[in-house]
Amino acid sequence: MEQELKLQILTPSPAAWEKICQHPLLALGTTPPLPLHALYYDSRDGVLQRARLAYRVRREGKEWVATLKAEGQSAGGLHQRPEWNVTVSSSEADLRVFTDTDAVALLAPFLDSVLQVVLETRFERLESRVDRADGSQILVALDRGEIIANSLREPILEVELELVTGEAAAVLEMGAELCRDLPLLPDGESKMFRGLRLAGLIPADASAIQDKTPPLRHHENAGKALSRLLIQQIQQALTAARQHWAGSSPDTFHQLRKTVRSLRALLRFCRALDPDKRLGSARQELADWFHQQNIRRDHEVLATYWEALATETGTEIAPLHSWLSAKPRPHLHSSASLPPRS
């Protein structure tokens, strides 16, 4: 089971890249970059995509590695999904190279499908392994390159934190620390998902993000249940922040405020389980941010009202509408501490 946190690099400048490379948490050192070239396969009618399967063959140094990924979940940049990897002799598509029982069962209906390259990625990767204080180990990957699909190109500029050993909370905690110090935001979309959208194989406005409340488990104590709910709510807030950063609009702003409101409510509810007040600063930071955005909300309401009134009366919409709309985007930092593991 792959458990990986993707962090989008928001600032593409050389100075920002250098700052990320030198951050002590990533421990990248002077390791030379590894060139990677991946080919993603599917049939002409997308049988693998419809089955929620991703199949690629990637050149990693001197080896070709075939990878199959099955449907999992993605929230707030944390990707959790079954994955199988097999070293192969070439880049040719061959679903029969996977011998794991679960993988074989998933691929059985598609063994005779005619597969073709639907997209490719070319990028360089800097890697390191980080040992955390809690005993977990995290594989760090810093990627820079491009996605190529249907003669179109889209940049790859991201940090990946993959859990090797330990609990998923360790990845989230490390991600929060990095987002506090660097121009990063969690990214819920994989390279393949972005490539399919670039190729026109999924709608241009499609999103990989689906907010799902984790189910409560039988006989689970309140501390563990609320801890999982808090992590999920934090992921949803960070996802909303990333979407608003990518395309500021009244709708994305409303969604961001709504997720922050829900997170604040859950943090207040959990006060009794936080006797040491470890989450007190997070509650205060979120409250400060939320109240600072009230003026933005008021301006957007006024801009909408003025647009309707000006249209009705034949009055020039600008410059008042432009002034009301030209407010800076709110920036939600991910420096708030994640809930402690129970």
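The values are calculated or read from the model by the stated rules, or taken from the named source; none is laboratory data. Note that the structure is a prediction, hence the values are computed from the model and not measured. Here Cβ is always computed from backbone atoms with ideal geometry, including for glycine, and neighbour counts include all displayed protein chains. All accessible areas refer to the heavy atoms of the entire protein, side chains included, with ligands and DNA or RNA removed. Shrake-Rupley method; radii C 1.70, N 1.55, O 1.52, S 1.80 Å.
Here r is the Cβ-Cβ distance between Glu127 and Arg52 and R0 is 22 Å; the resulting FRET efficiency, rounded to 0.05, is 0.20. Between Arg296 and Asp102, the modelled labels are 4.0 nm apart [label points 7 Å from Cα along Cα→Cβ].
What is the calculated FRET efficiency for Leu266 to Asp134, with r their C-beta to C-beta distance and R₀ = 22 Å, to the nearest 0.05?
Values: r = 24 Å, r/R0 = 1.07.
That gives a FRET efficiency of 0.40.
Label sites at Val114 and Leu320, each approximated as a point 7 angstrom past Cα along Cα to Cβ, lie 6.4 nm apart. Solvent-accessible surface of the chain, averaged per residue with a 1.4 angstrom probe and all protein chains in place: 53 square angstrom. Among Phe269, Gln293, Met174, whose Cα sits farthest toward the positive end of the charge dipole of the chain (+1 at Cβ of Lys/Arg, -1 at Cβ of Asp/Glu, about the Cα centre)? My answer, from the dipole projection, is Phe269. For the chain, which whole-number percentage of the solvent-accessible area (1.4 Å probe, protein heavy atoms only) is attributable to carbon and sulfur atoms? Answer for the chain is 52 percent, counting heavy atoms of protein chains only.
Assigning unit charges at the beta carbon (Lys, Arg +1; Asp, Glu -1) and nothing else, what dipole magnitude in debye, to the nearest 20, does the chain show about its Cα centre? Let's see the in-between values first.
Details: 41 positive and 44 negative charges, 160 e Å.
Charge dipole, the chain, about its Cα centre: 760 debye, nearest 20.
Short-range pairs are left out: with C-alpha atoms under 8 Å and at least six residues apart, the relative contact order of the chain is 18 percent. Note on Thr311 and Cys21: the model spin-label points, each 7 Å out from Cα along the C-beta direction, lie 5.0 nm apart. Cα-based values for the chain, radius of gyration first and Dmax second, are 22.3, 71 Å.
The value of relative contact order for region 1-156, using C-alpha pairs under 8 Å at least six residues apart, is 24 percent.
If the chain linking Glu167 and Ser248 were pulled fully straight, counting 0.36 nm for each residue of separation and taking away their Cα-Cα distance, it would gain 25.8 nm.
Since only Val117, Leu28, Gly135 are under comparison, the one whose Cα sits farthest along the positive direction of the charge dipole of the chain, derived from C-beta charges on Lys, Arg, Asp and Glu, is Gly135. In the chain, helical runs assigned H by DSSP with n ≥ 4 each contribute -39500 (n - 2.57); averaged across all residues and rounded to the nearest 500, the mean residue ellipticity at 222 nm is -11500 deg cm²/dmol. Please sort through the DSSP H helices of the chain and keep those with an alpha-carbon extent of at least 20 Å along the long axis and a Kyte-Doolittle average not below 0.5. Helices meeting the criterion: 168-181.
Among 31-42, 306-317, 180-191, 83-94, how do they line up by average Cβ neighbours within 10 Å per residue, starting with the highest?
On the way: 31-42: 17.2, 306-317: 10.9, 180-191: 20.2, 83-94: 14.7.
Highest mean packing first, the order is 180-191, 31-42, 83-94, 306-317.
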